[in-house]
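First up is the structure itself, then whatever we jot down about it.
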Amino acid sequence: MAAMALEAHVHTEDSGPVIELVGDVDGRAEEALGAAYTEAGDATAVMLDFHGVTYMNSTGIALIVGLLARARTNSQTLSVRGLTPHYREIFEITRLSDFMTIVDEEEESA
């Protein structure tokens, strides 16, 4: 199966900007992630939507850490939703879950 370059689309929900990720979060994702984060603007909270993520490697994890650093510098909170059990485990093992809120689907619909 061929690798799928990441697309990052920004839209706004009641809670603020959401960056919808579609494709692979890897080294090729840096430009798309950075541009989407910039487009999200200076809102106090930004959500990453992982529903469309098909693959993530260690470089992708490093890119998420970079977004966390930017958010912290900008006094923003970064949250994530749409994690599969596998990606949730990665976020917990790498301790990303210590620095960002993981929103469960049940919480979203409540």
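The values are calculated or read from the model by the stated rules, or taken from the named source; none is laboratory data. Predicted model, so just to flag it, every value in this text is computed and none were measured. Cβ sites come from the backbone with ideal geometry, for glycine too, and all protein chains shown count toward neighbours. Ligands, DNA and RNA are excluded from the accessible area calculation, which covers all protein heavy atoms including side chains. Shrake-Rupley method; radii C 1.70, N 1.55, O 1.52, S 1.80 Å.
Listed values, structure above:
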| item | result |
| --- | --- |
| Where a residue in the stretch 1-20 is within 14 Å of VAL80 (Cβ to Cβ) and in a strand (DSSP E or B) and its partner, wherever it lies, is of a type outside the set (A, V, I, L, M) and open to solvent by less than 60 Å² (accessible area, probe 1.4 Å), with Cβ under 8 Å and at least six apart | PRO17/GLY41; VAL18/ASP49; ILE19/TYR37; ILE19/ASP49; GLU20/ASP49; GLU20/GLY52 |
| Some residue of the stretch 56-67 being assigned to a strand (DSSP E or B), modelled with pLDDT of 95 or more, surrounded by 13 or more Cβ atoms within 10 Å (Cβ to Cβ) and in contact with a Phe, Trp or Tyr (Cβ under 7 Å, 6 or more places away or on another chain) | yes |
| Candidates PHE91, PHE50 - the one that is crowded, with 18+ Cβ neighbours inside 10 Å, of a type in the set (Phe, Trp, Tyr), part of a helix (DSSP H, G or I) and at pLDDT 95 or above | PHE91 |
| Residues being modelled with pLDDT of 95 or more and touching a helix residue (DSSP H, G or I) at 6+ places or on another chain (Cβ under 6 Å) - total across the stretch 1-26 | 7 |
| Complete set of residues in the stretch 21-47 that are assigned to a loop (DSSP other than H, G, I, E, B) and either of a type in the set (Lys, Arg) or over 17 Å from VAL65 (Cα atoms) (or both) | GLY41, ASP42, ALA43, THR44 |
| Close pairs (6 angstrom Cβ cut-off, 6 or more residues apart or separate chains): at positive phi in the stretch 75-96, surrounded by 12 or more Cβ atoms within 10 Å (Cβ to Cβ) anywhere | GLY82/ASP49; GLY82/PHE50; GLY82/HIS51 |
